[in-house]
Amino acid sequence: MHLGFGELLLIFLVILLIFGSSKLPQLGDALGKGIKNFKRSISGQDEIDVTPKKDALPQDPAAKK
């Protein structure tokens, strides 16, 4: 099963219509984390780190002073 450019574009447009442009980044992030956790579970790493990374937290410029 080979998908060409036209088919991929059509799929993307349907997803855009269903979820809206504001939800796509959240959907992609959730999908990426799900795939990452799935790969970890397959590779034998039982513990899954669900704590947010320090870099992922928003930085407050006033707190640095």
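For segment 1-17, how many residues meet the condition of being farther than 18 Å from residue 27 by Cβ and at pLDDT below 90?
Total satisfying the criteria: 3.
Can you give me the number of residues within segment 19-44 that are loosely packed, with under 10 Cβ neighbours inside 10 Å and in a helix (DSSP H, G or I)?
Total meeting the criteria: 3.
Say whether the condition of being modelled with pLDDT of 90 or more and not charged (D, E, K, R) is met by at least one residue in segment 43-58. Outline the logic, then answer.
Let us first name the residues in segment 43-58 that are modelled with pLDDT of 90 or more, namely none.
No.
The values are calculated or read from the model by the stated rules, or taken from the named source; none is laboratory data. All values derive from a computational prediction rather than experimental measurement. As a convention, Cβ positions derive from the backbone with ideal geometry for all residues, glycine included, and neighbour counts pool all protein chains shown.
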